[in-house]
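Chemist: Here it is, the structure in full.
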Amino acid sequence: MGALFAIGLELFLGLVLGGIITIIGLFFGHIILFDSIALALLSGFLSHGLLNIHTAISLIIGIVVFFLLFFLQHTKVGFWIIGGLLSLFWGFVFSIFAYDISGKDMIWTYVVLGLGTLLMLCLHIHARNKTDEI
């Protein structure tokens, strides 16, 4: 019985680890797609949870947000506006972690904010260049 539990646990951990690696790969390899999916899920959940919109309509809102963001990020102006704002957002998220980990050191917070924003902007540009080649 213990061996069966160990095999099940190993399988579960493998699936969880595989899911995490897939999400990280999607994040770094296709940041435009990842951002669109994340914001679509967020908009669907928030429209249902905060605004009490029917679940089916919230699903449609999420799908529309996904396609709208994905389309807009493939236009020149939309890419720079949405990509820039999302890069700044991700840099801010990274800086929150740096603030907490560094013991509330503001120098580390600002450095991570700048570097994180720059890294995310480079990832957005790389993803856009990769999709333009196709």
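Here, each number is a calculation from the coordinates, and none is a lab measurement. Fair warning: this is a prediction, and the values are worked out from it, not measured in the lab. Backbone-built Cβ (ideal geometry, glycine too); neighbour counts: all protein chains shown.
Chemist: Compute the label zone of Trp108 within segment 80-97: residues whose backbone N is under 17 Å from the point 7 Å along Cα-to-Cβ.
Modeler: Output list for this probe position: 92-97.
Chemist: Can you give the charge dipole size of segment 32-133 about its Cα centre, rounded to the nearest 20 debye, using +1 on the beta carbon of Lys and Arg and -1 on the beta carbon of Asp and Glu?
Modeler: 120
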